Structures are given as C-alpha cells and as structure tokens.
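The values are calculated or read from the model by the stated rules, or taken from the named source; none is laboratory data. Everything quoted here is computed from the prediction, not taken from an experiment. Here the Cβ is made from the backbone with ideal geometry for all residues, glycine too, and neighbour counts use every protein chain on show.
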Amino acid sequence: MRTDYTTITRQDFMDFFRDDETLNQLTAGDRVEIFQQILTGSSDVTKELLGELIRDYNVRGIEVVDN
C-alpha cells in the first residue's frame, strides 16, 4: 500500500516535526536520512549551521574551519 503524499500539507509536515511525541517515533537512522535529504543544496550547509549542530549535540573533538 502506497501513501498519497500529495495529501500531506506543509502544516501537517511541520506539525509532525514540532511534536516531540510523534517525532520520537523516528529511529536515529530515520533522522539521519531526513537530515541528509531535507536541505535544498550545498549553499544550505554553512560553517554556522555545522557549528550550531556541533554545539547543539555537544560533539567534542570536531572543529569547523573555513577555507
């Protein structure tokens, strides 16, 4: 059975991701897949975004440098 994705509105999509209970149904792999697919292009990946991710997830030993 295939889901008709055209019936999901932008608001439905955003509501899902803003609801911790439903968001917690996603696996870590699901979240990585979404993250890898959701950005529109290379211009979305910035030093600031990467730095924010590192801070938000308290990742140690990684530094973002700008060439």
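Restricting to the range 1-50, and then to whatever is hydroxyl-bearing (Ser, Thr, Tyr) and not in a helix (DSSP H, G or I), can you tell me which residue is modelled with the highest pLDDT?
Selected residue: Thr27.
Taking the range 49-67 as the search range and keeping residues that are charged (D, E, K, R) and surrounded by fewer than 10 Cβ atoms within 10 Å (Cβ to Cβ), which one is nearest to Met14 (Cα to Cα)?
Step by step, filter the range 49-67, then rank; the result is Asp56.
Working only within the range 13-44, note down all residues that are of a type in the set (A, V, I, L, M) and surrounded by 10 or more Cβ atoms within 10 Å (Cβ to Cβ).
Passing the criteria: Met14, Leu23, Leu26, Val32, Ile34, Leu39.
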